[in-house]
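Report on the following structure.
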Amino acid sequence: MTLQWQSSLIIQLTKGDTMKKIITTISAALVLFAVSSPFNSIAKSAEFFSIGTGGPTGVYFQVGNAVCKMVAKIQSAEHGRKKGTDKAYRCSAPSTGGSTYNIGQIMQGELQFGVAQSDWQYHAYNGTRPDKVKPYDKLRAVFSAHPEPFQIIARKGSKIKDWKSLKGKKVNIGNPGSGQRGTFEVLMEAHGVDTGYFGATSELTSSEQSGALCDKKIDAFGYTVGVPNAGVAQSTDGCGASIINLNTDAVKKLVADNPFYAFATIPKGTYKTSKKDVTTFGVMASFVTSADVSEDLVYSVTKAVFENLDDFRKQHPAFANLDPKKMIVDGLSAPLHPGAVKYYKEKGLM
Ligand code: GLU
């Protein structure tokens, strides 16, 4: 029963007769509304869940919000409730500290899903870097999204051209909880140095670092992020910063030794200062959950995403090449959640 229908009923009866009739009708309509309104049934049975993302200017934030939009779309197509059950899913995708923060919150049950770099997904599931991400063998993969090259963005005039010339400079290594913070530390270890190699280090968030670079408070920052990215553009297009090549022997060894790293290219022309292709290493952004999250919820989210991939691709240029066959394999080191497997098998993707 809709509100519109009730008001026309009331108007018809008003034309008919007495005040008593009107009052009786209004009360009956209100009771009926309370019992049968679709809004009311959603409020009663909606199940809310949250997706951890990253900084508001990053690409994770776009992933999380794209997923919520697709979930809302599929749910409203099914008349606000999941077919065959009395449940509707509603979601939010708040900005967070990033990968390792998201995994920690999934572990606590505070978040049901999160976006995380494939290196930190690997280490959390396998318990191989307990100093950087909490071991969590109940971590489950759902799909992977876009590639994320690790980028060092150097301020114009800083004279930073490569890893060596970062020595003694003021460098932002990222906020604790972010994926880039951990990956930057791995990169330092691989080169046999620590923060003492730099003149100074800061822990600014991804939304603060570009401003700090253009204000000359820092000389460079490290960021693992999809391409293109508005935050990076703020410093390249905004104040002439450029992305340096990272193809030292130590980087080559990292790529050779670890399944979750691969070489990545940031093509010339990506940003105003991208005069040449840049070579670096990178990871995949992956969408993860917990084995404790219900099969029904993971199935519903997976279905919403894979049945609206065209919408997903249009949300951000980093998603333009999303390929379902790759999304269920690339960058996934934790086992797939059974809810996702159910959908992939049903669709013949697996
Ligand atoms: N890779 C970053 C992290 O793990 C986030 C990048 C983004 O927000 O798009 O924290």
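Beyond 24 Å, how much of the Cα-Cα pair distribution for segment 200-323 remains, as a whole percent?
Roughly 46 percent, once rounded to a whole number.
Can you give me the C-alpha center-to-center distance between segment 190-254 and segment 302-350, rounded to a whole angstrom?
Computed from Cα coordinates, the inter-centre distance equals 30 Å.
Which of Lys69/Lys325; Lys216/Lys252; Lys73/Lys275; Lys69/Lys216 have a Cα-Cα distance over 29 Å?
Over 29 Å Cα-Cα: Lys216/Lys252; Lys73/Lys275; Lys69/Lys216.
For segment 72-180, what is the relative contact order in percent, using Cα pairs closer than 8 Å and at least 6 residues apart in sequence?
Across segment 72-180, relative contact order equals 23 percent.
Taking H as built 1.01 Å from N, whose amide H comes closer than 5 Å to the amide H of Ala46, not counting residues under 5 places away?
Ala88
Using amide H atoms built 1.01 Å from N in the peptide plane, name the residues 5+ places from Ala264, or on other chains, whose amide H lies under 5 Å from its own.
Here Thr280, Phe281, Gly282 satisfy the definition.
Give me the percent relative contact order of segment 217-312, please, defined on Cα pairs under 8 angstrom at least 6 residues apart.
Value for segment 217-312: 23 percent.
For a label point 7 Å from the Cα of Lys161 along Cα→C-beta, name the residues of segment 232-257 whose backbone N is under 18 Å from it.
241-249
Add +1 for every Lys or Arg and -1 for every Asp or Glu among the other residues with Cβ under 12 Å from the Cβ of Lys159, and state the total.
Taking every other residue near Lys159 into account, the sum is +4.
Bear in mind that the values in this text are calculations on the coordinates, not laboratory data. These numbers come from a predicted model, not from an experiment. Here the Cβ is made from the backbone with ideal geometry for all residues, glycine too, and neighbour counts use every protein chain on show.
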